[in-house]
Structures are given as structure tokens and as C-alpha cells.
Amino acid sequence: MLPVLVVLLLATATTAQPSPPAPCGTLDLTSPLTQHCFPEDGSHHFVCCTGITLPENAHSPHGNYNPLERVIRAASNHSNYSWCTCSEEICEQQLGGTVTWNMQGLGWRGYLPRQSGGGNMSCRRLVLMRHADSEASSGRDHDREITLQGAQEARLVGEQLRATGWLPQVVICSNAQRTRQTLDVLQKTIPELGDADQHFLGSLYTTAALDGQTRGHLAELVAAEAAHFHDCCLCLGHNKGWEEAASAFAGVTVRLGNAHAALLEAHGASWAEALAEGTKWRLVQVLQPPATA
């Protein structure tokens with residue numbers, strides 16, 4: 001009788017389904033940054049790591065470039081940095097954290113909070129910002145610098161952007177001097193922007209001068225450069241293209257003065273899907289310096 005009982009107990013142990021795990025520390029499991037934690041994304045990051053003391057991941061094989069620090073800080077809380085990792089070793093040795101639970105090989109079955117909110121249709125956010133006020137041209141237009149007033153206005157708009165909670169993880173910026181300097185001001189106002197993936201492109205300067213070309217060009221660039229877990233992208237450039245693109249995305253006329261920023265929002269399982277022609281983007285607001293509001 002005893003051998004039969006042992007066999008029954010073993011069978012039960014191997015077929016039992018786990019209960020949904022408790023929340024993983026302060027990790028926001030509804031954020032696009034954490035969607036790799038779930039089995040439908042085909043990953044195996046099922047170790048809940050909490051109390052992380054090394055979000056900068058000093059022992060990372062990536063060296064000085066650590067792809068985890070920004071997302072750990074953005075997706076959890078400084079009171080208890082948390083993350084979902086693919087092994088206990090990464091949690092304990094690289095992140096200096098504590099393994100709270102391990103569902104390795106089982107996944108977070110039954111714990112898919114985004115499913116109730118429309119499956120994997122993540123919210124995607126675009127910030128289309130025009131460069132700050134710049135000096136009159138005394139040479140190459142490409143080399144024009146922003147004025148003191150322009151720098152002040154960019155700072156004020158940067159403060160507004162930070163207050164909205166829209167933190168860009170990707171920056172697509174024209175390589176013109178005035179857009180670079182506008183970004184410099186924003187980074188001083190929003191230090192987290194220094195951790196964003198940054199791309200400086202001459203094509204943004206030239207395309208902005210062409211009729212009706214900027215919306216499509218931006219869509220191609222953002223879809224190529226923004227990862228699926230990024231939820232906010234800042235695009236810095238020039239009129240007339242920026243007004244045309246913002247208007248095309250929003251479906252309404254959008255005016256962008258110097259240092260104005262259009263905040264646009266849409267949903268899509270990927271950036272490519274959200275940026276496809278015909279996708280409806282919502283104009284949330286246009287940020288502008290208080291003096292011209």
C-alpha cells in the first residue's frame with residue numbers, strides 16, 4: 001500500500017499548478033517595461049528579485065553600459081528596487097537582491113494583469129518637440145545656436161514634461177546645433193534623459209523641410225530604434241515638418257512654436273503597429289513656455 005501512496009504523492013507533486021505569485025516587490029507589472037516577464041513573450045524571467053541594492057549592476061558583463069539600471073529604476077520604486085530576472089544568480093550576484101520567489105519553468109500562470117486591460121496593447125507615447133528659439137543666421141543654418149531666452153523656455157517646458165510623468169527612454173534628435181542644445185537643456189532639467197537611448201540624425205533636418213515627409217520618416221525611425229519595452233520616445237526637430245507630423249498623427253491642426261512639445265498617445269502591441277498609417281493618436285496636450293501660453 002505504501003508504494004502506491006508514494007506514487008500518488010509524486011504524481012500530484014508533478015502535476016499540481018502553482019497559485020499566482022504575490023506581487024514582486026514594488027515592480028509595476030502593468031508597465032510596458034515589464035512585459036518580458038510574462039510567458040506569452042517567450043522569455044523565462046520568472047525569478048522575482050526584490051531589495052535590489054545594485055540597480056547599476058556593477059558586475060554586469062556589459063561593463064559600464066548596463067541595460068538594466070534605467071528600467072529597474074523606472075519600473076519599480078527606490079524604497080524597494082525590484083525586477084524579474086532569469087536566474088537566482090543574476091538577482092543575488094549581479095543585482096545584490098533577494099530572491100522572493102522562483103517560478104522557473106512554470107511562468108507567472110494566472111498572473112497576467114495586462115490581459116484585463118486589452119491584452120498586449122501597450123500605451124505608446126510620442127513627444128514631438130521643436131527646438132528652442134535660435135539666433136538669426138550668420139552662417140550655415142545648421143550651425144545656429146539657441147538664445148538665452150530659448151534656453152530658458154526649453155527649461156520651463158522640460159519642467160512641465162517631467163511633471164507629466166512622461167519620461168522618454170528613446171530620443172530621436174536632429175543633428176543640427178540648435179536641436180542638440182535644446183536637448184542639453186532638457187537633460188539638465190530631466191537628468192533621467194541622460195540614460196535614454198539617443199540617436200542624432202541629419203535626415204531629420206533635411207526631411208523637415210520637405211512637404212508631407214516627416215510623419216512617415218519619424219514612424220520608420222521610431223519603429224526601428226524604440227524597443228518593445230520602451231513606452232515613450234522624444235523626437236526633437238524643426239518646422240515645418242514637426243507641425244505637419246504632429247497634425248498628421250493627431251488628426252487635427254497642431255501648431256508648434258519654439259520649444260513647444262506635442263504629447264501624443266496611441267496603443268499597439270509594438271511601436272510599428274502603433275505607428276502604422278491609419279492608427280489613431282490622441283493629442284494629450286501641447287506644452288509651451290508659460291510666457292506664450
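The values are calculated or read from the model by the stated rules, or taken from the named source; none is laboratory data. On a predicted model such as this, the values are computed, not experimentally measured, just so you know. Note that each Cβ is placed from the backbone with ideal geometry, even for glycine, and that neighbours are counted across all protein chains shown.
What the table shows:
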read-out	value
Failed condition for residue 247, given (1) of a type in the set (Gly, Ala, Ser); (2) touching a residue at least 40 places away in the same chain (Cβ under 8 Å); (3) not in a strand (DSSP E or B)	(2)
Positions within region 261-293 being in a loop (DSSP other than H, G, I, E, B) and either closer than 17 Å to residue 172 by Cβ or modelled with pLDDT under 90 (or both), in sequence order	269, 270, 275, 277, 278, 279, 280, 281, 293
Breaking point among (1) in contact (Cβ under 8 Å) with a residue 40 or more places away in the chain; (2) under 20 Å from residue 257 (Cβ atoms), for residue 147	(1)
Hits in region 55-89 - residues which are out of contact with any Phe, Trp or Tyr (no Cβ under 9 Å at 6 or more places or on another chain), among the aliphatic types (A, V, I, L, M) and modelled with pLDDT of 75 or more	74
Condition check for residue 220: within 22 Å of residue 137 (Cβ to Cβ) and of a type outside the set (A, V, I, L, M)	no
Any hit, region 188-201, residues being farther than 19 Å from residue 70 by Cα, in contact with a helix residue (DSSP H, G or I) (Cβ under 9 Å, 6 or more places away or on another chain), among the β-branched types (Val, Ile, Thr) and assigned by TED's automatic domain parsing to the domain that holds residue 149	no
Boolean, residue 261 is under 14 Å from residue 126 (Cα atoms), among the hydrophobic types (A, V, I, L, M, F, W, C) and in contact with a strand residue (DSSP E or B) (Cβ under 7 Å, 6 or more places away or on another chain)	yes
Subset of region 157-186 [over 16 Å from residue 204 (Cα atoms) and surrounded by fewer than 17 Cβ atoms within 10 Å (Cβ to Cβ)]	159, 162, 163, 164, 165, 184
Qualifying positions in region 93-119 - at pLDDT below 50 and either of a type in the set (S, T, N, Q) or in contact with a strand residue (DSSP E or B) (Cβ under 8 Å, 6 or more places away or on another chain) (or both)	114, 115, 116, 118
